[in-house]
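*Asks:* Below you'll find the structure I mean.
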Amino acid sequence: NYSNIKFQFIGIENIHVMRSSLQKMLEVCELTSPSMSDFLWGLENSGWLKHIKAIMDAGIFIAKAVAEEGVSVLVHCSDGWDRTAQVCSVASLLLDPYYRTIK
C-alpha cells in the first residue's frame with residue numbers, strides 16, 4: 001500500500017467492444033447517399049466517437065499529470081496491448097512541443 005499513489009480508473013472499453021463499434025461506424029460510412037440525419041443517427045449509435053473521446057480524455061489526463069503536476073504515470077490495462085498503447089500515444093503527442101506548435 002503506497003500512500004503517494006493516485007489510482008484513476010478510466011473505463012475504456014476492450015478491443016472486442018471497440019471492434020464492434022468500428023464495424024458499425026464503417027457500415028454507416030458505406031451507406032449509399034444517406035440523409036444527414038441517417039448518417040448522424042448511425043454514427044451516434046455506433047458508439048465510435050464515445051470510444052475516441054474516452055481515449056482522448058485519458059491521454060489528456062496523463063499529459064496534464066506529467067506537464068502540470070510533474071508526476072510520473074504508470075498506464076496499465078487488463079490485456080496491455082491496445083488501450084495502453086493508444087492512451088500513451090495520445091499523451092506523448094500532447095506532451096511533445098513539435099506536435100503542439102504551428103510554424
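*Asks:* Can you tell me which residue in the range 1-28 is nearest to TRP48 (Cα to Cα), limited to those that are among the hydrophobic types (A, V, I, L, M, F, W, C) and not in a helix (DSSP H, G or I)?
*Replies:* Step by step, filter the range 1-28, then rank; the result is ILE12.
*Asks:* Could you tell me which numbered condition LEU31 fails, if it satisfies all but one of (1) aliphatic (A, V, I, L, M); (2) within 23 Å of ILE55 (Cβ to Cβ); (3) part of a loop (DSSP other than H, G, I, E, B)?
*Replies:* Only one criterion in (1) aliphatic (A, V, I, L, M); (2) within 23 Å of ILE55 (Cβ to Cβ); (3) part of a loop (DSSP other than H, G, I, E, B) is unmet by LEU31, namely (2).
*Asks:* Can you find even one residue in the range 14-36 that is in contact with a His (Cβ under 7 Å, 6 or more places away or on another chain) and aliphatic (A, V, I, L, M)?
*Replies:* Among the residues of the range 14-36, at least one is in contact with a His (Cβ under 7 Å, 6 or more places away or on another chain) and aliphatic (A, V, I, L, M), which makes the answer yes.
*Asks:* Could you please let me know if LYS103 is among the basic types (Lys, Arg) and touching a helix residue (DSSP H, G or I) at 6+ places or on another chain (Cβ under 9 Å)?
*Replies:* no
*Asks:* Here is a follow-up. Please specify each residue of the range 16-43 satisfying the condition of being surrounded by 12 or more Cβ atoms within 10 Å (Cβ to Cβ) and among the small types (Gly, Ala, Ser).
*Replies:* Passing the criteria: SER20, SER21, GLY42.
Every read-out reported here was derived from the displayed coordinates using simple, explicitly stated rules and does not represent laboratory data. Bear in mind the structure is a predicted one, so any value in this text is a computation, not a measurement. Virtual Cβ from ideal backbone geometry, glycine too; neighbours counted across all protein chains shown.
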